[in-house]
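Input: a single structure, listed below in structure tokens.
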Amino acid sequence: MGQQPQYGNQQYNNQQYNNNQQYNNQQQQYGAPQYSSNQYQQQQAYPPQQAFNAPNQTNNGGAPKPYNAVPPANPPTIVSKPKFHDLWAAALFAVFMAGFIVFAVLGVPMTLDSLRTGSFNIKTSDAKNGTAGSSSSFSLGLSAGDIGGLVASSVGTGLGFSVIYFFLMLNFPGPLIKFSYFFNVVMLAALAAYMGYIRSWIACAIFAVFAVLMAISYWGIRDRIPFSKIVLETVCKIAGRLNGTLFVAFGGVIVSAGFSVVWLATVLGMAEWVSAKGLSSGVMYAILVILVFMNFWFNEVVRNTVHSAVCGTFATYFFMGMQQPNSDKISLPSNHTTAKSLGRALTTSFGSICFGSLLVSLIRTLKFIAQMAKNDSASDGNILCCVVAMCFECILACLADILDYFNKYAYTEIAIYGKSYCEGGKDAWNLFQYKGIDMIINDCLIGYVLGMGSFLSAILCAFAGFLFVFTKGGLGTLGNGVGVYVGVCLISAFIGMWLFLVLLEVVDSGTAATFVCLAEDPATIQRQQPRFFESIQQRFPEVSWGMQSIAY
């Protein structure tokens, strides 16, 4: 793998690049050009108004509005021979997964035995003195047909809706962005109205203020919608052509779902194992915290591996794809672009993926501990400890979300340029410093589209679960009470929302890769795909290209 260039091994002759000497007989990690001093001077000699062919626009005074000049290409350093980074994190991840296998070997057989009998017997312990307490048991009362039918109805509905929604994003990106924006305004207003109905006036005021501010802010960001529109449309087109990215995302769903099932069986089995051994509740708490951390870390690694694979694929398209003369067709150097990008994510970049995922998982585990402390304090009536734990939970939740958003662009840098996690994080920080507003607005507009799709998917899957129970006249021996319908709708909604978000991770990752490629090396995209670049300039001429000339 060390000799594999980041965008494949195919060599190119001189005719293919039409006298572009930068690409002749070169093998580079991601196909982004290496610039010598002479080549850099040639790029500087580009006449700004000849860099694109777009009609002049006018401002309010009638004077021509000039396009921003495309700066000389000065991208981040390209690693010619990819090497393994952050191996210690990959080794630590392997150690923890080996530990999870040990827990699974102990716990899963006990869970399977309980499923055969249809009941779980778990002894509770006195948390204060560590003595064994009473024994409690519960019966599932569900057959395999009930569980399978419920899951099939939810998964089938979620997959079908994801396909339809992807088609809408591909063909109607502009109206969908506007509709999803005001959909969020309406939802905030509806929440404010509901809070007013139940006389929770503080929450009502908060939601009402957010609804008003979001409605007003539309007038400030509406000029950015054309840029987000073409980005969303381009991402969906690339994902439709390089459909391997969709299979990678679906594979991530399967792996995460399979691990979650095994993890849940392990947790239930370890609870029975601790009860059978007569151990204190403190031991179970410790095991639970370790298992929760393992679950967070594994799912973060899977999600970020998918993200890196998709980002690498999109970067290949932008930096190595050549637009054919008098055509919109883009030729790529390899027919296995996604497979090679996934291979790099699972080898040379895997340690960096484990590193960043470890940081997020640690914070989320601490949040879980704070949540348990809050619940225990509330049950004991300790108001002070409950408030302190709640504050810590809120702070940790914010830190986890901020780091998760930062990691998205750090992994994009890693996927494109093959850097270590620290190097990718440094470049991501530079990106935030110089292009943060553009990036956040673009993410928000496209995020509203994905968020609305996730909500609608959850609603439709919940309705599918409701219909399944209603047509069967109940769910096993649990019957058809209100509680059963509520539980089924919640579980089905969670399945639909999670399935939609993971499947459309390719859209979010592709959006991040597109933005980074445009922000850090616009000249290469202009040279390789002039029509796409011209459309960007026409839709959003105010964009300030070339942050790389400042940050690097």
message: Which pairs turn up if I take residues in region 509-528 that are touching a residue at least 24 places away in the same chain (Cβ under 8 Å) and under 23 Å from C444 (Cα atoms) and look for partners that are open to solvent by 10 Å² or more (accessible area, probe 1.4 Å) and hydroxyl-bearing (S, T, Y) with beta carbon separation below 7 Å, at least 6 apart in sequence or on another chain?
response: T514/T234
message: Could you go through region 437-451 and let me know if any residue there is farther than 26 Å from F167 by Cα, open to solvent by less than 40 Å² (accessible area, probe 1.4 Å), without any contact (Cβ under 8 Å) to a residue 40 or more places away in the chain and assigned to a helix (DSSP H, G or I).
response: no
message: I'd like to verify a number: residues in region 421-436 that are surrounded by fewer than 18 Cβ atoms within 10 Å (Cβ to Cβ) and charged (D, E, K, R), how many?
response: 1
message: I need a count of the residues in region 236-259 that are of a type in the set (S, T, N, Q) and surrounded by 14 or more Cβ atoms within 10 Å (Cβ to Cβ).
response: 2
Subset of region 278-302 [in a helix (DSSP H, G or I) and either of a type in the set (G, A, S) or free of Cβ contacts under 8 Å to residues at least 60 places away in the same chain (or both)]: S281, G282, V283, A286, L288, N295, N299, V302
task: Select from region 297-317 the residues that are polar (S, T, N, Q) and closer than 28 Å to V95 by Cα and write down the one among them that is surrounded by the fewest Cβ atoms within 10 Å (Cβ to Cβ).
output: N299
- request: Return the only residue of V488, V507 being under 27 Å from L159 (Cα atoms), touching a Cys at 6+ places or on another chain (Cβ under 9 Å) and open to solvent by less than 10 Å² (accessible area, probe 1.4 Å).
  value: V507
field: Residues (touching a residue at least 40 places away in the same chain (Cβ under 8 Å) and of a type outside the set (F, W, Y)) located in region 92-115
entry: L92, M97, G99, A104, L106, G107, V108, P109, M110, T111, L112, S114
message: For region 465-505, give me the residue count where each residue is at pLDDT 80 or above, among the hydrophobic types (A, V, I, L, M, F, W, C) and under 26 Å from the mean Cα position of the chain (by Cα).
response: 8
field: Pairs with Cβ under 8 Å, 6+ apart, first in region 393-420 and crowded, with 19+ Cβ neighbours inside 10 Å, second aromatic (F, W, Y) and modelled with pLDDT of 90 or more
entry: A410/Y421; I414/Y421
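Just checking, which of L358, L384 is modelled with pLDDT of 90 or more, open to solvent by 10 Å² or more (accessible area, probe 1.4 Å) and either part of a helix (DSSP H, G or I) or farther than 30 Å from A89 by Cβ (or both)?
So the residue among L358, L384 that is modelled with pLDDT of 90 or more, open to solvent by 10 Å² or more (accessible area, probe 1.4 Å) and either part of a helix (DSSP H, G or I) or farther than 30 Å from A89 by Cβ (or both) is L358.
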Region 177-200, residues that are among the basic types (K, R) and touching a helix residue (DSSP H, G or I) at 6+ places or on another chain (Cβ under 9 Å): K178
query: Quick check, is S256 assigned to a helix (DSSP H, G or I), over 14 Å from I446 (Cα atoms) and in contact with a helix residue (DSSP H, G or I) (Cβ under 6 Å, 6 or more places away or on another chain)?
result: yes
- request: Check A345, A315 and return the single one that is touching a residue at least 40 places away in the same chain (Cβ under 8 Å) and over 28 Å from V102 (Cα atoms).
  value: A315
task: Filter region 308-331 down to the residues that are hydrophobic (A, V, I, L, M, F, W, C) and out of contact with any strand residue (DSSP E or B) (no Cβ under 8 Å at 6 or more places or on another chain), then identify the one that is nearest to V506 (Cα to Cα).
output: V310
- request: Can you work out which of the residues in region 339-355 that are surrounded by 23 or more Cβ atoms within 10 Å (Cβ to Cβ) and assigned to a helix (DSSP H, G or I) is nearest to the chain's Cα centre (by Cα)?
  value: I353
- prompt: Within region 211-235, how many residues turn out to be of a type in the set (F, W, Y) and either touching a helix residue (DSSP H, G or I) at 6+ places or on another chain (Cβ under 6 Å) or surrounded by 17 or more Cβ atoms within 10 Å (Cβ to Cβ) (or both)?
  reply: 1
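The values are calculated or read from the model by the stated rules, or taken from the named source; none is laboratory data. Not measured: the values here are computed from a predicted model. Here the Cβ is made from the backbone with ideal geometry for all residues, glycine too, and neighbour counts use every protein chain on show. All accessible areas refer to the heavy atoms of the entire protein, side chains included, with ligands and DNA or RNA removed. Shrake-Rupley method; radii C 1.70, N 1.55, O 1.52, S 1.80 Å.
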